[in-house]
Amino acid sequence: MSLPTYLPPDLRSLLENTVIKARVASESGANAALVALSVAEPRSPFDAGSPQGRLRNGLRARARQLGDGREGDGMAQLVEEVAYVQWHRMLFARFLAENGLLVHPSGAAVSLEECAELAPEEGEPDEWMLAARYAAQMLPGIFPLDDPSAQVRFAPDDRQALEALLKSLPASVFAAEDALGWVYQFWQTKKKAEVNQSGRKIGGEDISPVTQLFTEPYMVRFLLENSLGAWWAARHPQSPLLRSFDYLRFRDDGTPAAGTFPGWPDRVAKVTMMDPSCGSGHFLVVGFGMLRRMRMEEEGLSEAAAGDAVLRENLYGLELDPRCTQIAAFALAMAAWKAGGVRPLPVPHVVCCGIPVQGQLETWQEMAGGNAKLQTAMERLYELFRNAPDLGSLINPASLPTENRMFTADYAEVAPLLAKALAAEKTKDDPAAAVFGAAARGVAMAAELLAGTYTLVATNVPYLVRKKQDEILKSYCVTRYPASCADLATVFIERCREMCQPGGTHAVVSPQNWLFLGSYQGLRRLILDEQTWTHATRLGSGATATESWEVLRALTIVTNSRPPSEAVITGIDAGLPSEAQKTLALREAPILV
């Protein structure tokens with residue numbers, strides 16, 4: 001197995017500068033394209049049935065959706081969305097091409113040079129537009145071809161400006177394992193600075209740029225290898241896979257330092273892993289690689305069959321920002337295609353839980369088609385997600401009063417009706433209806449994942465202290481999570497516990513201060529009384545020399561069951577200055593018991 005490659009500082013800096021420039025150029029091109037389509041104007045210069053008229057109607061519906069249903073609002077957000085989609089389709093196409101994974105509809109692999117030859121006969125202006133189209137066809141669940149934002153065409157000068165930026169990146173950038181992970185953080189650099197400088201309370205669309213931080217590979221691997229990997233080691237002590245788990249630690253008696261996880265299933269096919277704040281998918285991709293190899297060994301599956309099985313049955317992700325879910329799903333698709341070849345894949349269970357629905361109740365009621373039970377279900381879904389852009393994965397269907405829950409026994413009766421209604425909405429010859437129907441389908445999928453419980457919940461929680469939160473987020477946290485409400489990070493630790501099955505585990509990167517500050521005493525007592533705290537590592541500050549790592553970090557592994565009298569907590573002190581020193585300490589420093 002080849003060792004992963006990571007971006008060195010000079011290439012990381014080049015990628016950051018390029019992505020920042022690309023956002024500016026893409027937003028300029030998106031704005032010009034939307035002006036040309038008169039999207040913000042009350043009257044259309046196009047016939048309603050013409051391609052331009054239909055596209056304009058779909059874009060206006062999407063703007064209303066992004067603007068909480070208010071006519072004329074949402075244009076700024078629409079510009080951001082179109083800019084994101086147009087740049088990232090091209091970027092993803094180059095990721096595929098540079099890894100030998102870009103495929104012609106016939107099934108043959110194609111290079112960018114071959115795309116240049118094919119572009120004229122396929123009706124595209126150049127290789128980049130054709131490659132982007134092929135990439136979208138390969139990834140229908142990520143950039144749906146009927147999405148209005150994907151159908152916008154930039155003017156030649158705007159398109160060529162993006163192409164020049166993409167060409168300026170060397171091929172080695174696209175071979176690095178962590179490149180996709182950095183892309184989203186760099187895309188949000190400008191927005192994050194603007195929000196922080198504004199001094200405004202943070203909620204809704206501001207949450208992701210401020211709280212989404214790329215998680216360093218050594219943190220991800222340490223947590224997964226000492227939870228999922230430790231479980232595997234306890235059941236397969238002779239497995240050759242254990243030699244690849246560089247961060248898996250053992251006590252002197254040969255047992256895994258973080259425990260053996262007796263409450264987990266006996267077979268890997270039954271293990272489920274959720275990242276409720278999945279960002280660009282770093283935990284999911286590493287978890288995919290581990291689970292795929294485990295299923296190959298335990299079940300004798302091929303690389304492709306094991307990878308498909310993991311996507312269908314083992315991995316789940318939720319994220320506030322739909323752009324993150326696209327990157328995470330693409331990262332999983334890349335990982336699956338690298339192991340087993342390019343093939344149709346099960347759609348990854350990576351879902352946006354921050355879909356805006358405000359102001360759409362009447363539209364949702366109409367989707368029920370007069371069916372009283374279905375209308376009630378749609379209204380409950382709407383109410384559950386009314387503040388979704390602020391709350392995201394904190395939404396818990398189980399927290400509603402019993403009579404209002406979506407996932408009580410009668411939901412099984414409603415679910416087929418809901419699926420049928422949403423399928424009908426998808427086939428309507430109405431661009432606006434398609435936009436709102438897609439949102440309802442996304443909300444239904446998110447609600448199902450949010451209502452579930454999982455074997456392992458692993459994530460880097462979002463960090464946002466209470467004084468910086470907007471009123472919706474702050475009041476929700478204070479009411480629902482009084483022991484942890486001082487920071488969104490600690491609220492998420494409690495939410496991770498709710499997502500764990502009995503005997504399941506949460507493995508979390510978090511700020512370090514909650515382990516000792518008096519304001520978190522209630523949370524510590526709650527965890528010590530009700531859960532088995534198996535491991536805590538003091539990591540200290542991050543090592544990337546950026547503001548994202550100013551907070552001191554901890555890595556904790558906690559199982560959702562009352563601690564037995566003989567329970568012990570293990571730990572490692574890795575609070576050292578450099579990334580290399582931290583990495584070495586996580587692998588070799590003494591285990592404290």
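The values are calculated or read from the model by the stated rules, or taken from the named source; none is laboratory data. All values derive from a computational prediction rather than experimental measurement. Here the Cβ is made from the backbone with ideal geometry for all residues, glycine too, and neighbour counts use every protein chain on show. Just the protein is used for accessible areas: all its heavy atoms, side chains included, with ligands, DNA and RNA removed. Shrake-Rupley method; radii C 1.70, N 1.55, O 1.52, S 1.80 Å.
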Exercise for the section: Calculate one ³J(HN,Hα) per residue across region 97-106 by plugging θ = phi - 60° into the Karplus curve 6.51 cos²θ - 1.76 cosθ + 1.60, and present them in order as whole Hz with x for glycine and proline. Expected result: 4, 5, 9, x, 10, 7, 10, 5, x, 6
Practice task
Determine the shape class of region 464-593: with a ≥ b ≥ c the square roots of the Cα gyration tensor eigenvalues, call it rounded for a/c under 1.5, and otherwise prolate if a/b is greater than b/c, oblate otherwise.
Solution key: oblate
Handout entry: Alpha carbon Rg of region 1-120, scaled by the compact-globule rule 2.2 N^0.38 Å
Key = 1.39
Completion exercise
Longest principal axis of the chain (C-alpha) makes with the long axis of helix 579-588 (C-alpha) an angle, in degrees to the nearest 10, of 40 degrees
Exercise for the section: Please give the helix 431-451 orientation as an angle from the longest Cα principal axis of the chain, in degrees from 0 to 90, rounded to the nearest 10. Expected result: 10 degrees
Fill in the blank from the handout: the chain accessible area per residue, 1.4 Å probe, protein heavy atoms, integer Å², reads 40 Å²
Fill in the blank from the handout: With all protein chains present, the chain has a carbon and sulfur share of its accessible area (1.4 Å probe) in percent of 53 percent
Practice task
For region 113-126, just list the computed ³J(HN,Hα) in residue order, Karplus coefficients 6.51, -1.76 and 1.60, θ = phi - 60°, integers in Hz, with x standing in for Gly and Pro.
Solution key: 5, 5, 4, 4, 5, 7, 3, x, 6, 9, x, 10, x, 6
Exercise for the section: Project the alpha carbons of region 62-179 onto their principal axes and report the range along each, largest first, in whole Å. Expected result: 45, 33, 29
Handout entry: Under 5 Å, built H, 5+ apart or other chain: amide partners of Val350
Key = Gly317
Practice task
Please report, to two decimal places, log10 I(q)/I(0) for the chain at q = 0.06, 0.10, 0.13 Å⁻¹ as given by the Debye formula with identical point scatterers on the Cα atoms and no solvent.
Solution key: -0.30, -0.89, -1.54
Exercise for the section: Kindly write out, for region 534-539 in residue order, the coupling ³J(HN,Hα) from the Karplus curve 6.51 cos²θ - 1.76 cosθ + 1.60 (θ = phi - 60°), rounded to whole Hz, with x marking Gly and Pro. Expected result: 9, 7, 9, 10, 8, 9
Handout entry: In degrees, nearest ten, helix 156-167 long axis to first principal axis of the chain (Cα)
Key = 30 degrees
Problem - Helix-only CD estimate at 222 nm, as mean residue ellipticity for the chain, using -39500 (n - 2.57) per DSSP H run (n ≥ 4) - result: -15500 deg cm²/dmol
Handout entry: Cysteines not pairable in the chain (beta carbon separation under 4.7 Å absent)
Key = Cys115, Cys278, Cys324, Cys352, Cys353, Cys496, Cys500
Handout entry: Whole-Å distance, taken between Cα centres, linking region 105-166 and region 324-371
Key = 21 Å
Exercise for the section: For the chain, build the charge dipole from Cβ charges (+1 Lys, Arg; -1 Asp, Glu) around the Cα centre, then report which of Leu515, Ala234, Ala193 sits farthest towards its positive end. Expected result: Leu515
Handout entry: Heavy-atom accessible area order for Leu118, Leu96, Leu552, largest first, 1.4 Å probe
Key = Leu552, Leu118, Leu96
Practice task
Evaluate region 219-322: find the radius of gyration of its Cα atoms, find its Kirkwood radius, and give the ratio Rg to Rh.
Solution key: 0.96
Practice task
Take every DSSP beta bridge whose two residues both sit in the chain, then give the antiparallel share in percent to the nearest 5.
Solution key: 50 percent
Exercise for the section: With 23 Å as the limit, write out which pairs from Lys270/Lys373; Lys192/Lys467; Lys468/Lys582; Lys191/Lys338 have Cα-Cα distances beyond it, or answer none. Expected result: Lys270/Lys373; Lys468/Lys582; Lys191/Lys338
